[in-house]
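Okay, so here's the structure we're looking at.
The values are calculated or read from the model by the stated rules, or taken from the named source; none is laboratory data. As the structure is a prediction and not an experimental result, all values here were calculated from the model. Glycine gets a Cβ as well: all are built from the backbone with ideal geometry, and neighbour counts include every protein chain shown. In case anyone asks, the SASA skips ligands and DNA or RNA and just uses the protein heavy atoms, side chains included. Shrake-Rupley method; radii C 1.70, N 1.55, O 1.52, S 1.80 Å.
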Amino acid sequence: MDLIAQIDKTKVPHHVAVIMDGNGRWAKQQGKPRVYGHKNGVKAVRETINAAGNVGVKALTLYAFSTENWNRPKAEVKTLMTLLLSSLKNEAKELIKNDIKLQIIGNQENLPKSVLKGLKKVIEDTKNNKSLTLTIALSYGSREEIVNAFKNISKKVVNKELRVEEIDENIINNHLYTFTLPDVDLMIRTSGEKRISNFLLWQIAYAELHFTNVLWPDFSKNDFYNAILEYQNRERRFGKTSEQIETTNEI
Ligand code: IPE
Ligand code: IPE
Ligand code: MG
């Protein structure tokens, strides 16, 4: 039976986040330079977006470039930025056709102007789309995001727009780059590494984590469906007991 047919459409995670890792190792296996891996990773991005759409995921967040990735060799950073821009331009029509809304999270100040301009156009062209929100984490670091939230909350307190007593989880949530998104339900990381690498630290508090050895350029729709199936076989307890979950029938 097709993997997709095994998925329970009533228990699909709302928000899936993906750490797309392993491009460099994939290229190395073929005796090619690292950027060859990045170029071949574009297809896996397309597969993932389509697979998410097929099963009814409402929010998909992809980690494309971390704040720490700025420390990579200049030529690799440049290729990644160019690749990002060209692939987004190529995909823009598909996003519109498939009712996908694009947004970005991260520190935009560091991004090349051309990249930002190209992105803003696609963001504008897709802003009313509803089926799926595709968020690209670009020049993103979770700690940087939290520092930014602290600063903005502090300013409001100083300006007396907010009282200290009012600061709660919702207020913090609303000051993160991801303020429009629900918590992450499922986080996937490819390439066999079992770490979070500064991605959505606050937002994954109760996410299910799925690690696969598949290197990013090889990641396919079926790999995505497998992650969803594994998620559906887990019991999310949110601190409660198994018995409590069974009686309330929560997922
Ligand atoms: C993921 O692949 C892409 C980015 C981080 C931009 P890597 O480039 O990290 O590939 P590996 O981990 O070195 O194999
Ligand atoms: C995490 O991958 C960042 C992205 C996938 C964009 P890295 O390859 O940069 O992470 P580390 O260095 O292995 O932790
Ligand atoms: Mg890596």
Exercise. Tell me, what is the per residue accessible area of the range 120-208 in Å², probe radius 1.4 Å?
Worked result: 56 Å²
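Report, to the nearest whole %, how much of the accessible area of the chain belongs to carbon and sulfur atoms, 1.4 Å probe, protein only. Please report the intermediate quantities before stating the final value.
Numbers: 6980 of 13720 Å².
About 51 percent, which is the carbon plus sulfur part of the accessible surface.
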Problem set entry | Measure of compaction for the range 1-158 (Cα Rg per 2.2 N^0.38 Å) | 1.14
For this session: Could you order peptides 104-113, 13-22 by the average number of other Cβ atoms within 10 Å of their residues, highest first?
Result: 13-22, 104-113
Exercise. Taking N as the number of residues in the range 31-110, what is its alpha-carbon radius of gyration divided by 2.2 N^0.38 Å?
Worked result: 1.19
Exercise. Which whole number in µm²/s is D for the range 83-194 by Stokes-Einstein, with the Kirkwood Rh taken over Cα pairs at 37 °C and 0.692 mPa s?
Worked result: 203 µm²/s
Seminar exercise, completed: the range 191-251 and the range 51-79 have their Cα centres apart by a whole-number Å value of 19 Å
Problem set entry | Sum of -39500 (n - 2.57) over DSSP H runs of 4+, divided by residues of the chain (222 nm, nearest 500) | -14000 deg cm²/dmol
